[in-house]
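The next block holds one structure in the form of structure tokens; read it before the comments.
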Amino acid sequence: MTVDALTDVSGLRVGHATRTGDGWLTGTTVVLAPEGGAVAAVDVRGGGPGTKETDALDPRNVVRKVEAVVLTGGSAYGLDAASGVMAWLEERGRGIRVGADPAHVVPVVPAACVFDLGRGGDFRARPDAATGRAAVEAAAASELGAQVPQGCVGAGTGAVTGVVKGGVGSASTVLGSGITVAALVVANAAGATVDPETGVLYGELFQGRVEYPGAEIHAAAQRRLAETAARSTPPPLNTTLAVVATDADLSKAQAQKLAGTAHDGIARAVRPVHLLNDGDTVFALATGDRALDATDPLALNEILAAGADMVTRAIVRAVRAAEPVDGPGGAWPSYGELYGEL
């Protein structure tokens with residue numbers, strides 16, 4: 001049975017650490033690979049990225065597999081969350097062996113951050129190593145194949161898309177070959193996810209027929225958004241992050257291609273995208289449980305196309321699952337609040 005989320009890729013677990021109240025509106029999300037790691041790659045498109053260990057994922061470099069990926073709030077400060085994940089992995093002997101002693105390992109933990117500083121009211125309230133440890137412990141404690149909590153959790157706690165609340169979303173699909181492709185996204189874009197002309201989520205325009213909101217509902221929503229934008233002047237610093245995963249046996253170069261084409265999924269759901277104030281980053285993980293059919297020239301293409309589709313669906317889910325925020329750091333209505341259950 002599948003749960004239509006990243007955890008449908010066998011062996012992957014997801015954990016969130018969420019901090020709200022008393023000036024906090026942020027958190028960290030960890031994707032934990034099966035022991036022994038997963039082939040990993042990355043593609044960074046935004047003009048203002050905040051990342052850690054992404055150079056290690058270049059196919060030309062020595063690191064082939066990683067044990068975990070960290071997505072975090074707190075801008076560059078929040079990258080400290082990866083230290084807590086590294087410590088947890090080291091305690092379990094998980095990482096790259098660098099000596100004869102099995103305990104001598106160096107866990108390579110790629111990480112990327114979103115900008116959410118001050119959105120809870122306190123600029124200094126941001127994830128740290130303890131937050132990262134809490135998130136990886138939550139991932140490790142979860143059952144294989146468990147549903148992934150979505151909306152304002154983990155790294156999506158303080159996420160905003162345009163002036164509409166963002167968050168975490170996830171989606172998956174099983175191809176005709178039996179290969180699973182899935183995505184988890186932190187939707188926190190400087191661009192908009194809602195079409196101002198119709199009120200439809202951009203990402204849903206690529207999913208077949210959509211139901212358009214009535215003229216009165218849309219007009220009221222647009223007035224609300226205009227009022228929100230007028231009284232809120234947050235810095236245009238955001239970032240959409242994603243992890244795209246598959247159980248296919250991919251090389252690092254193939255995984256990097258998957259990470260690159262997955263950015264198309266962001267471009268369908270967010271407009272404009274990949275701006276100088278975004279740090280849009282996509283990681284790709286391949287667990288290698290299923291062989292790629294070397295006789296089928298389209299086998300990899302199907303995975304690449306599905307990766308982009310899952311990112312689009314995950315962004316839609318993130319925005320639909322998000323809850324409104326009205327606090328000392330700002331006020332952001334949710335899509336559901338504006339347009340109901342449409």
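The values are calculated or read from the model by the stated rules, or taken from the named source; none is laboratory data. Not measured: the values here are computed from a predicted model. Every residue, glycine as well, gets a Cβ built from its backbone with ideal geometry; the counts of neighbours run over all protein chains shown. Keep in mind that these areas ignore ligands, DNA and RNA; they rest on the heavy atoms of the full protein, side chains included. Shrake-Rupley method; radii C 1.70, N 1.55, O 1.52, S 1.80 Å.
What single numbered condition from (1) more than 30 Å from R60 (Cα to Cα); (2) free of Cβ contacts under 8 Å to residues at least 12 places away in the same chain; (3) hydrophobic (A, V, I, L, M, F, W, C) fails to hold for A267?
Status for A267: all satisfied but (1).
Within the range 142-155, does at least one residue satisfy the condition of being at positive phi and surrounded by 24 or more Cβ atoms within 10 Å (Cβ to Cβ)?
Yes, there is a match, as at least one residue in the range 142-155 is at positive phi and surrounded by 24 or more Cβ atoms within 10 Å (Cβ to Cβ).
Quick check on my filter: what residues within the range 209-243 are of a type in the set (V, I, T), surrounded by fewer than 20 Cβ atoms within 10 Å (Cβ to Cβ), in contact (Cβ under 8 Å) with a residue 24 or more places away in the chain and touching a strand residue (DSSP E or B) at 6+ places or on another chain (Cβ under 9 Å)?
Listed by number, the list holds a single entry, T228.
What's the total number of residues in the range 26-46 that are touching a Gly at 6+ places or on another chain (Cβ under 8 Å) and open to solvent by 20 Å² or more (accessible area, probe 1.4 Å)?
Kept after step one, since they are touching a Gly at 6+ places or on another chain (Cβ under 8 Å), are these residues of the range 26-46: 26-30, 32-34, 38-39, 43-44, 46.
If we keep only those that are open to solvent by 20 Å² or more (accessible area, probe 1.4 Å) too, we end up with 34, 43-44.
Number satisfying all stated conditions: 3.
Of the residues that make up the range 131-141, is at least one more than 25 Å from K65 (Cβ to Cβ) and within 23 Å of the chain's Cα centre (by Cα)?
No, the range 131-141 contains no residue that is more than 25 Å from K65 (Cβ to Cβ) and within 23 Å of the chain's Cα centre (by Cα).
Could you tell me whether R223 is modelled with pLDDT under 90 and over 25 Å from the mean Cα position of the chain (by Cα)?
The answer is no for R223.
Of all residues in the range 58-110, how many are touching a helix residue (DSSP H, G or I) at 6+ places or on another chain (Cβ under 8 Å) and among the aromatic types (F, W, Y)?
1
Between residues in the range 51-65 that are without any contact (Cβ under 8 Å) to a residue 40 or more places away in the chain and residues that are β-branched (V, I, T), which pairs lie under 7 Å by C-beta distance while being six or more apart or on different chains?
Cβ pairs passing all conditions: K65/V39.
State yes or no: is V3 open to solvent by less than 10 Å² (accessible area, probe 1.4 Å), among the hydrophobic types (A, V, I, L, M, F, W, C) and either under 17 Å from A141 (Cα atoms) or in contact (Cβ under 8 Å) with a residue 12 or more places away in the chain (or both)? Let's see the steps before the verdict.
Numbers: open to solvent by less than 10 Å² (accessible area, probe 1.4 Å): no; among the hydrophobic types (A, V, I, L, M, F, W, C): yes; either under 17 Å from A141 (Cα atoms) or in contact (Cβ under 8 Å) with a residue 12 or more places away in the chain (or both): yes.
Judged against the criteria, V3 is not a match.
For the range 145-175, enumerate the residues that are over 30 Å from L298 (Cα atoms), of a type in the set (A, V, I, L, M) and out of contact with any helix residue (DSSP H, G or I) (no Cβ under 7 Å at 6 or more places or on another chain).
Selection gives V153, A155, A159, V160.
Looking only at strands (runs of 3 or more DSSP E) that fall completely inside the range 255-342, which ones have 1 or more residues that are among the hydroxyl-bearing types (S, T, Y)?
So the answer is 281-290.
If a residue must be crowded, with 22+ Cβ neighbours inside 10 Å and part of a helix (DSSP H, G or I), how many such residues does the range 47-74 contain?
So the answer is 1.
In the range 244-252, is there at least one residue being aliphatic (A, V, I, L, M), within 23 Å of V30 (Cα to Cα), assigned to a loop (DSSP other than H, G, I, E, B) and open to solvent by less than 40 Å² (accessible area, probe 1.4 Å)?
For the range 244-252, residues aliphatic (A, V, I, L, M), within 23 Å of V30 (Cα to Cα), assigned to a loop (DSSP other than H, G, I, E, B) and open to solvent by less than 40 Å² (accessible area, probe 1.4 Å): present.
What about T161, is it among the polar types (S, T, N, Q), open to solvent by 20 Å² or more (accessible area, probe 1.4 Å) and in contact (Cβ under 8 Å) with a residue 60 or more places away in the chain?
Working: among the polar types (S, T, N, Q): yes; open to solvent by 20 Å² or more (accessible area, probe 1.4 Å): no; in contact (Cβ under 8 Å) with a residue 60 or more places away in the chain: yes.
Spelling it out, it is not the case that T161 is among the polar types (S, T, N, Q), open to solvent by 20 Å² or more (accessible area, probe 1.4 Å) and in contact (Cβ under 8 Å) with a residue 60 or more places away in the chain.
Return a yes/no flag: does the range 78-101 have any residue that is open to solvent by less than 60 Å² (accessible area, probe 1.4 Å), closer than 30 Å to G327 by Cα and in a loop (DSSP other than H, G, I, E, B).
There is no residue in the range 78-101 that is open to solvent by less than 60 Å² (accessible area, probe 1.4 Å), closer than 30 Å to G327 by Cα and in a loop (DSSP other than H, G, I, E, B).
Please verify whether the range 176-194 includes one or more residues that are touching a helix residue (DSSP H, G or I) at 6+ places or on another chain (Cβ under 6 Å), among the small types (G, A, S) and in a loop (DSSP other than H, G, I, E, B).
No - not one qualifying residue is present in the range 176-194.
So in the range 162-191, with the set limited to residues that are under 14 Å from P272 (Cα atoms) and modelled with pLDDT of 95 or more, which one is nearest to the chain's Cα centre (by Cα)? Steps first, please.
Within the range 162-191, the first condition is being under 14 Å from P272 (Cα atoms), and the residues that meet it are 162-163, 187-191.
In the following step, the residues that additionally are modelled with pLDDT of 95 or more were identified as 187-188.
Numbers: A187: 7, N188: 9 Å.
Result: A187.
Name the single residue, out of those in the range 180-208 being in contact with a Pro (Cβ under 8 Å, 6 or more places away or on another chain) and β-branched (V, I, T), that is least open to solvent (accessible area, probe 1.4 Å).
V200
How many residues are out of contact with any strand residue (DSSP E or B) (no Cβ under 6 Å at 6 or more places or on another chain) and buried (at least 24 other Cβ atoms within 10 Å of the Cβ) if we restrict to the range 270-285?
So the count comes out to 4.
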